[in-house]
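Following: one structure in structure tokens, then a few remarks.
The values are calculated or read from the model by the stated rules, or taken from the named source; none is laboratory data. In this text the structure is predicted, and so the values were computed from the model without any measurement. FYI the Cβ positions are ideal-geometry reconstructions off the backbone, even for glycines, and counts take in every protein chain you see.
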Amino acid sequence: MEVIRVTGGARLRGDVTVVGAKNSALKLMAAALLAEGRTVLHNMPRITDIVIMAEVLRRIGCAVDVTDDRVEIDTPAELGGEADYDLVRRLRASINVLGPLLARRGYAKVAHPGGDAIGSRGLDMHIAGLQRMGAEITNEHGYVVAHAERLQGATIWLDFPSVGATENILMAAVLAEGTTVIDNAAREPEIVDICQMLTAMGARINGAGTSTLEIEGTDRLRPVTHRVIGDRIIAGTWAFGAAMTRGDVTVHGVNPEHLAVTLDKLTTAGADVTRYESGFRVRCERRPQAVDMVTLPYPGLATDLLPMAVGFAAVADGVSLITENVFDGRFMFVNEMSRLGADIRTDGHHAVVRGKEQLSGAPVTATDIRAGAGLVLAGLCAEGVTEVSHIHHIDRGYPDFVTQLADLGAKVERVRVPDDSFSL
């Protein structure tokens, strides 16, 4: 199997450009189901999740062409209604075909999704919202099966500002009859990106970026060409990496306001942060100071940046309290971080991290996309060599990760090792 081998001690320095946001791109591909014809998406990340989502759409009946950072989706007049288990189990975002299929053809059969093992992420809010709009939904042999002659507008209150539920209900509502109001909707930049694409397609949406979305349904949408927003999670990864390694990195291709809390925390920790129109610079000449961090729905600190925040705290000067408020399994990677010598104690959704001057290289295993990236960054701050296995997780969210790290001065490489090198 392949591992990422990191030799500690290098400071990240230079410029790096982020690609389109994974958490938006996958949902925009699902939104293409809402309009017959050719949808073209630019600035798409070259990651395995895009390949999987493309195959999900092909099996529904679309013709999909993926070329570099461009994806073309030809959506037929008559769609299939089933998203197979063998693909959906590998990609949670594939559940987002549920709303568009139900709106377009009145029927959808979608396997319960898989994806990263970061805790329970039920579909209750997705299903409850669609039921409020008149859908009949059952669970049959591991599939969500939904029927609706035509969805009806409704007022829907989300118990939690779930990104996935907001997206599924939003995409169903644009072709529903009447007006749908989503209260306590997610406000993430990726939601705004989807709203902008849907509006260009002819949807009538008010309140994008706020906690209340009002959608007036329409009979038909048209295909469009759309550019995906920059990936704030990858950008945040580089921001933490610069501060952890006492480096100097300028990140291009992202709105810095999408990372306002992250950049403010790094400033508090002693880093020099400069914001630009479409990027930012993080410079940290000295060991950063410990700061407390709390993950929250946007505009709070993104839960996807938790592993990077813990890695940062592991080498900061002092004690940090890191609190996770979104996913109950986010701390699954802590044991791996501890193998690098990090001093971490968890209690429920809290982690107390006592920073060390330097970590110690060791073989570790990536448990999910973001944990894998966090472990690689921690390896940069460790004495000796760190080998991160199960890097297929990292490939799902970070295109050209090793190449970009090397370009920033890291001593890092992908190498093939015998499968029995790691005891799991």
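Each row is one residue, and each column tells you yes or no for (1) surrounded by fewer than 24 Cβ atoms within 10 Å (Cβ to Cβ); (2) assigned by TED's automatic domain parsing to the domain that holds residue 136; (3) out of contact with any Ser or Thr (no Cβ under 9 Å at 6 or more places or on another chain).
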{"site": "149", "(1), (2), (3)": "yes, yes, yes"}
{"site": "153", "(1), (2), (3)": "yes, yes, no"}
{"site": "160", "(1), (2), (3)": "yes, yes, yes"}
{"site": "163", "(1), (2), (3)": "yes, yes, yes"}
{"site": "166", "(1), (2), (3)": "no, yes, yes"}
{"site": "171", "(1), (2), (3)": "no, yes, yes"}
{"site": "188", "(1), (2), (3)": "yes, yes, no"}
{"site": "200", "(1), (2), (3)": "yes, yes, no"}
{"site": "206", "(1), (2), (3)": "yes, yes, no"}
- prompt: residue 187 fails exactly one of the following numbered conditions: (1) touching a helix residue (DSSP H, G or I) at 6+ places or on another chain (Cβ under 6 Å); (2) in contact (Cβ under 8 Å) with a residue 60 or more places away in the chain; (3) over 20 Å from residue 222 (Cβ atoms). What is the number of that condition?
  reply: (1)
task: For residues that are under 17 Å from residue 101 (Cα atoms) and of a type outside the set (A, V, I, L, M), scanning just the stretch 39-56, find the one that is modelled with the highest pLDDT.
output: 39
- line: Contact list, first residue from the stretch 74-100 and in the same structural domain as residue 142 (by TED's automatic domain parsing) and surrounded by 18 or more Cβ atoms within 10 Å (Cβ to Cβ), second anywhere and assigned to a loop (DSSP other than H, G, I, E, B) and acidic (Asp, Glu), beta-carbon distance below 6 Å, six or more apart or interchain, is 75/36
- request: Determine, yes or no, whether residue 210 is touching a Lys or Arg at 6+ places or on another chain (Cβ under 8 Å) and either within 21 Å of residue 297 (Cβ to Cβ) or touching a residue at least 60 places away in the same chain (Cβ under 8 Å) (or both).
  value: yes
query: Is it the case that some residue within the stretch 200-207 is in a helix (DSSP H, G or I) and more than 27 Å from residue 326 (Cα to Cα)?
result: yes
query: With respect to residue 49, is the statement that it is in a strand (DSSP E or B) and acidic (Asp, Glu) true?
result: no
query: From the list 165, 186, 172, 200, which residue is more than 23 Å from the chain's Cα centre (by Cα) and under 22 Å from residue 101 (Cβ atoms)?
result: 200
query: Only one of 224, 261 is in contact with a Pro (Cβ under 7 Å, 6 or more places away or on another chain) and surrounded by fewer than 22 Cβ atoms within 10 Å (Cβ to Cβ); which?
result: 261
In the stretch 288-307, the residues that are in contact (Cβ under 8 Å) with a residue 40 or more places away in the chain and assigned to a strand (DSSP E or B): 301
- line: Residue set 397, 372; condition assigned to a loop (DSSP other than H, G, I, E, B), under 17 Å from the mean Cα position of the chain (by Cα) and not aromatic (Phe, Trp, Tyr); output residue 397
- prompt: Tell me, which helices (runs of 4 or more DSSP H) lie completely within the stretch 93-194 with 3 or more residues that are among the polar types (S, T, N, Q)?
  reply: none
- line: When residue 107 is run through (1) buried (at least 19 other Cβ atoms within 10 Å of the Cβ); (2) modelled with pLDDT of 90 or more, the failure sits at (1)
